[in-house]
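What follows is one structure encoded as structure tokens, with my remarks underneath.
The values are calculated or read from the model by the stated rules, or taken from the named source; none is laboratory data. Keep in mind it's a predicted model, so treat the numbers as computed, not measured. Because the Cβ atoms are built from the backbone with ideal geometry, glycine has one as well, and the counts that use them run over all protein chains shown. When the accessible area is computed, the model is the full protein with side chains, heavy atoms only, and any ligands, DNA or RNA have been set aside. Shrake-Rupley method; radii C 1.70, N 1.55, O 1.52, S 1.80 Å.
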Amino acid sequence: MMKTNPGRFFEDYSLGQVLEHAVPRTVSGGERALYHALYPARHALYSSDAFAQACGLKAAPIDDLAAFHVVFGKTVPDVSLNAVANLGYAEGRWLAPVWPGDTLRSVSEVIGLKQNSNGKTGVVWVRTRGLNQHDAVVMEYCRWVMVRKKDADAPAPETVVPDLKTVLAPGDLVIPEGLDFTGYDFTLAGEPHRWGDYEIGETIDHVDGVTVEEAEHMLATRLWQNTAKVHFDLTFRPEGRLIYGGHVISMARALSFNGLANAQMIVGLNGGAHANPCFAGDTVKAWTEVLDKAETAAPGVGAIRLRLVATKGGEPFVLKGDDGRYSPEVLLDLDYWALMPL
Amino acid sequence: MMKTNPGRFFEDYSLGQVLEHAVPRTVSGGERALYHALYPARHALYSSDAFAQACGLKAAPIDDLAAFHVVFGKTVPDVSLNAVANLGYAEGRWLAPVWPGDTLRSVSEVIGLKQNSNGKTGVVWVRTRGLNQHDAVVMEYCRWVMVRKKDADAPAPETVVPDLKTVLAPGDLVIPEGLDFTGYDFTLAGEPHRWGDYEIGETIDHVDGVTVEEAEHMLATRLWQNTAKVHFDLTFRPEGRLIYGGHVISMARALSFNGLANAQMIVGLNGGAHANPCFAGDTVKAWTEVLDKAETAAPGVGAIRLRLVATKGGEPFVLKGDDGRYSPEVLLDLDYWALMPL
Amino acid sequence: MMKTNPGRFFEDYSLGQVLEHAVPRTVSGGERALYHALYPARHALYSSDAFAQACGLKAAPIDDLAAFHVVFGKTVPDVSLNAVANLGYAEGRWLAPVWPGDTLRSVSEVIGLKQNSNGKTGVVWVRTRGLNQHDAVVMEYCRWVMVRKKDADAPAPETVVPDLKTVLAPGDLVIPEGLDFTGYDFTLAGEPHRWGDYEIGETIDHVDGVTVEEAEHMLATRLWQNTAKVHFDLTFRPEGRLIYGGHVISMARALSFNGLANAQMIVGLNGGAHANPCFAGDTVKAWTEVLDKAETAAPGVGAIRLRLVATKGGEPFVLKGDDGRYSPEVLLDLDYWALMPL
């Protein structure tokens, strides 16, 4: 009997199937320190217990994207080991902060299936939930991937394409319990710009860049226990190790501090595309477009919807060409909601 | 007076000599996070406090091999600074888990000496013990190294070759207090294969590989406070920095998760050989052969004896050539006992 | 309104101005583990809680230089983003240990200004203090940098050059409360050499070397939240990423363990020069000259003043050429006070 995990193929998925992903993970100050070593992360709420406490939280949470990576990493052996492409994200929500000492695990449900017309691949939609040791859902998101069939003759499942929101409504966002920005310290946070200072349509060039190295993206990707071969094994992919898309997300988000230091907490992920692959030696830069703004019920807390674009060269604010395709320098196009002091 | 440590030469050792190694080390969640960033480690018992507690432990211990590296690293300035070759290991046992917050130190006793016929080098056998802050021995192992003489005219010591077990008997293994696999969660652990599913003689190709980078092995080796020059200084070794053998052990063990996810705890090290040197750029892969199986007194816990082989290319399951020598692609040949749910 | 931080130019500083630097940072065992992975750090007081407790402290503090880097990193966006050169340090004192769990922030005061005769740049002197969550000052130092003017026509400020001590007197040094070296364990510390064994004028070649890698210095520099472009962005500096000077300081200090294992705590920074830039691929080595010695009021504790020199080649003990300039192989010339057992 074969002992290693061959991964699931398209015909191995069925609608409503629940995948309990393996290897729960306890996070600590170690993961936080590594996150700050791997990315130029500076958002004060995640850097300082004292700052977080002044905002009504019990301590600095683990970075929202670190929580996402931990939850995501667990799904790789069950969802994307035989994936041909990572097609999209939707309805991502952070429902509760993750604290040092918490143990996270992930569960996914298959919510959509569609065999491609070539008969060789199909699209699988899953809704993934990350749970802590108290079985509380700390985050959830939908993701769809193109997966190979093992047996081209396997019958096609009934096509079910889930009806996913293209954008979360402000009312869908969950504000962490106790969050209060009325006494927010803009000086310690690093920038004076408050929610009211940003206008819909405004664009920000985050200016800074990081030329990425092989050792760094592998450290990061392993830390999230994402073990997809393409990120690690040059004999498997002699043309170059592909950098985990989440590494680009975290790098771009951290770079966006310069101009968005007060976009403290990520609470919603409306969508995202890994437009082009990233390799060691690329210099990642980022720019942002303000897409929307909304008020929230929490004291002093506004929500801001941002398009975060990571590039590996080229001019800022160029997203797509005349053909409607992403420019070759664009690595990431991410649409998210963050919380900001009013 | 010379202030730097020249290391010990062969004539500096005497039978029964006790070496109290320097620089005790407190380990924390930081070491655990780094271990997971440096190696694709996924064994659930070391990743999740909740999983470890469900197995009867108070929390997730520090990885067994991390404990080994910390204990081993302290011996380098006293044992292997002038070593020509690391010849072997035997009678390695993990006697108690290491928890975050524990402080480890190492003590070695010289248990064997044999001058080589060339008169220029000799073999030194030591038994090393790692102790925690309560002076409890957490692990022990024997190791023998070939060491240079400083003065070729120094008299040869009486030859004493210790009688070391080539294999630990199942009764020699110490099962951590409280360990109970009767309620073991195979889904969270990542694979369904239990102790009864493995057959003696069975071989497993662990499939995954990691192309190693300079920055990674140096981070790891420093973390264990192993400061042997050959691993760090290109002016000392212009032909390439040699990767610490323990880095290969941890990499191979982590890769073996894929097929041996339930070989949770390492409790015995029967022997090991660093067959060929490893350098940055090599892609490390691993395969395993099941050598033996045994029952234990702990509830639901079986012991399995495994040969773990790390390679840098070539086909799996090839260990030695017709001449009885290790194939040039073989990096490591390790013989250990692990604990697995029945 | 521009949202990103353009940094301050020479005309933006005024005498007596107080800069409250952003992004407070909570440190934990994670930062400690990373410090030990990034540098071959082995001083026992910072490695072992048990050793530190035997010396009268409540636990192993965060490494003194890690505390310095955290405090320093916060000043970069306000002090040195438009700096042309880092000119010097003086009057650096460590006033209280930093413990895991502490939150640090930094405040600087402008204590000197002098426009250069070219009218395009000026020198700014600041005194920076690092404070913990109890508003206690944990360290302070003066630093002066050459900064560009944005507008060459901006009027020159009145020239004020602060009167800084070239060397701290022994009485200026603050000994951590409770520190007691009367029961110091030289075996666990790693070397037998006590304060009385070092002579003024003595030089020590620390022998070991580390060939540095891009990934390592970027991990380190990010960990301290120092985001100066020159360290990260190859498109900004195609001739090579400049390694953060503090990386060289920590590397040299860690290498100096071999010969100075008992120079446990750094309590004073008299001065320092980054003599030449360091790049990935350079092999950093270090040597020390004993400059002075002094007794202290703490039991068993002596102070020793050391010149620590980091090099990237060349012979040890060569500092300057006949022209009085630093030799091209010298990276760092640091003058500090450390505490050592009598």
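Using the 2.2 N^0.38 Å rule of thumb for compact globular proteins, work out how the protein assembly as shown stacks up: its C-alpha Rg over that value, please.
Numbers: Rg = 28.8 Å, N = 1026, 2.2 N^0.38 = 30.7 Å.
For the protein assembly as shown, the normalised Cα radius of gyration is 0.94.
Quantify how strongly other chains surround peptide B:196-202 by giving the mean number of their Cβ atoms within 10 Å of each of its Cβ atoms.
Going residue by residue through B:196-202 and averaging, the value is 1.
Taking a probe of 1.4 Å, how large is the accessible area per residue of the protein assembly as shown, in Å²?
Using a 1.4 Å probe on heavy atoms only, each residue of the protein assembly as shown averages 34 Å².
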For this session: Report, in deg cm²/dmol and to the nearest 500, the calculated mean residue ellipticity at 222 nm for chain C, where each DSSP H run with n ≥ 4 adds -39500 (n - 2.57) and the sum is divided by the residue count.
Result: -5000 deg cm²/dmol
Problem set entry | In range of the label at residue B:230: residues from the range B:84-107 whose backbone nitrogen is under 20 Å from the point 7 Å along Cα→Cβ | B:84-90
Exercise. Running Debye on the range A:136-262 with equal point scatterers at the Cα sites and no solvent, what base-10 log of I(q)/I(0) appears at q = 0.10, 0.18, 0.19, 0.21 Å⁻¹?
Worked result: -0.61, -1.29, -1.31, -1.33
Problem set entry | Between helix B:64-75 and chain B: long-axis angle, C-alpha atoms, 0 to 90°, nearest 10 | 10 degrees
Seminar exercise, completed: So, in nm and shortest first, the distances from residue C:316 to its counterparts in the other copies, with label points 7 Å along Cα→Cβ, work out as 4.9, 4.9
For this session: Could I have the simple spin-label model distance between residue A:99 and residue C:237, label points 7 Å from Cα toward Cβ, reported in nm to one decimal?
Result: 4.1 nm
Seminar exercise, completed: Of every hundred units of 1.4 Å-probe accessible area on the range A:193-342, the number belonging to carbon and sulfur atoms, as a percent, is 49 percent
Problem set entry | Per principal axis, descending, Cα span of chain C in whole Å | 62, 47, 37
Seminar exercise, completed: With a 1.4 Å probe and ligands and nucleic acids left out, the total accessible area lost when A pairs with B, in Å² to the nearest 100, equals 3000 Å²
For this session: Per residue of C:65-77, count partner chain C-beta atoms within 10 Å of its C-beta, then hand back the mean as an integer.
Result: 1
Problem set entry | Inter-copy label distances at residue C:59 (7 Å, Cα→Cβ; nm, one decimal) | 1.0, 1.1
Exercise. How many percent of Cα pairs in the range C:278-319 exceed 17 Å?
Worked result: 49 percent
Problem set entry | Formal net charge of residues neighbouring residue C:94 (Cβ-Cβ distance under 10 Å; K, R +1; D, E -1) | -1
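For an R0 of 25 angstrom, estimate the FRET efficiency from the Cβ-Cβ distance between residue C:133 and residue C:182 and round to the nearest 0.05.
Working: r = 32 Å, r/R0 = 1.27.
Working from the Cβ atoms, E equals 0.20.
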Exercise. Hey, for residue A:120 with labels 7 Å out along Cα-Cβ, what do the inter-copy distances come to in nm, ordered shortest first?
Worked result: 6.1, 6.1
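Rounded to the nearest 20 Debye, what is the dipole magnitude of the range A:193-342 about its Cα centre when Lys and Arg each give +1 and Asp and Glu each give -1 at the C-beta?
Working: 13 positive and 20 negative charges, 96 e Å.
Charge dipole of the range A:193-342: 460 debye, to the nearest 20.
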Exercise. For residue C:229, which lysines qualify as cross-link partners when the Cα separation must be under 18 Å and same-chain residues fewer than eight apart are set aside?
Worked result: A:285, A:312, C:3, C:74
For this session: Calculate the tail of P(r) for the range A:1-72: the fraction of all Cα-Cα distances greater than 14 Å, expressed in %.
Result: 71 percent
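In percent, what relative contact order does chain A have, based on Cα pairs under 8 Å that are 6 or more apart in sequence?
Working: 803 pairs, mean separation 66.6, N = 342.
Relative contact order comes out at 19 percent.
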For this session: Determine, from the Cβ-Cβ distance of residue B:315 and residue A:202 and an R0 of 41 Å, the FRET efficiency 1/(1 + (r/R0)^6), rounded to the nearest 0.05.
Result: 0.10
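Quote the Stokes-Einstein diffusion coefficient, in whole µm² s⁻¹, for the range C:243-342, based on the Kirkwood radius over alpha carbon pairs, a temperature of 20 °C and a viscosity of 1.002 mPa s.
Values: Rh = 14.0 Å.
Once the numbers are plugged in, D ends up at 153 µm²/s.
Could you order the peptides B:310-322, A:141-153 from most to least packed, using the average number of other C-beta atoms within 10 Å per residue?
On the way: B:310-322: 15.5, A:141-153: 18.0.
With the highest mean Cβ count within 10 Å placed first, the list reads A:141-153, B:310-322.
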Problem set entry | Mean separation of Cα contacts under 8 Å, 6 or more apart, over the residue count of the range C:1-134: relative contact order % | 34 percent
Seminar exercise, completed: Nearest 10, in degrees from 0 to 90: the angle of helix C:245-255 to the longest Cα principal axis of chain C is 10 degrees
For this session: Using only Cα atoms, tell me the angle between helix B:29-38 and the longest principal axis of chain B; keep it within 0 to 90° and round to the nearest 10.
Result: 90 degrees
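Grab the other residues whose beta carbon is less than 13 angstrom from that of residue A:122, score K and R as +1, D and E as -1, and report the net.
Numbers: positive: A:8, A:114, A:120, A:148, A:149, A:150; negative: A:11, A:12, A:151, A:158.
Net local charge, residue A:122 excluded: +2.
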Exercise. In the range B:49-132, what trypsin sites (Lys or Arg not before Pro) fall in a loop by DSSP, with at most 14 other Cβ atoms inside 10 Å?
Worked result: B:58, B:120
For this session: Counting only C-alpha contacts under 8 Å and six or more residues apart, can you give the relative contact order of the range A:193-342 as a whole percent?
Result: 32 percent
Problem set entry | Selection of GluC sites (Glu not before Pro), the range B:71-180, meeting DSSP coil and at most 15 other Cβ within 10 Å | B:158, B:177
Seminar exercise, completed: Partner aspartates and glutamates whose C-alpha sits under 16 Å from that of residue A:58, ignoring same-chain residues fewer than 8 away, are A:49, A:102, A:177, A:180, C:102
Exercise. Near residue A:165, which lysines are there with a Cα under 20 Å away, not counting those fewer than 8 places off in the same chain?
Worked result: A:114, A:293
